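First comes the structure, then the notes that go with it.
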Amino acid sequence: MSAIDFSDPATIAFLTEALTAAGVDGLEISRPGGQLRIVVAERGGARISSTDATPLAPGLTSAVVKAPMAGRFCLDHPASAVPQKLPRSVSDADIVGFVGVGHILLPLRAGRSGVLTRLLAEPGALVGFGDPLFEIELPS
């Protein structure tokens, strides 16, 4: 029996739909390289998240926002009429992009306050767990 590829967006979409159809509250999968958690909420459908990046080391001047799961990288929300422009200031809670799997769109939070300076992945690209998406210049 072969191992399930949890970096495959089709696998995550299938699991999410199966959990929703079965009325299961969620699923959590832990591996040495990361953790995948799918939580089926009562309202608003499923929410997918992963463990946060490791704490920032002292003396660093920038941080990288990484993909929390495999999927299609979206810089802007599909319903947004105003595209994001870089560089721009962000707070740690700001949504800076999205990763989509099927009809599910996971918002990406900056995680750190600073200036969003660089895009590290092309919008529309298929990204994997942990792939770098943005660079944030941290205040000194």
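The values are calculated or read from the model by the stated rules, or taken from the named source; none is laboratory data. Nothing here was measured: the structure is a model prediction, and the numbers come from that model. For neighbour counting, all protein chains shown are included, and Cβ atoms are generated from backbone atoms with ideal geometry for every residue, glycine included. Protein only, heavy atoms only, side chains kept; ligands, DNA and RNA dropped before computing areas. Shrake-Rupley method; radii C 1.70, N 1.55, O 1.52, S 1.80 Å.
Quick notes on this structure:
- Each peptide in 77-84, 120-127 gets a packing score, the mean of other Cβ atoms within 10 Å over its residues, and the list from highest to lowest is 120-127, 77-84.
- Among the protein heavy atoms of segment 89-138, carbon and sulfur supply 52% of the accessible surface, probe 1.4 Å, non-protein parts ignored.
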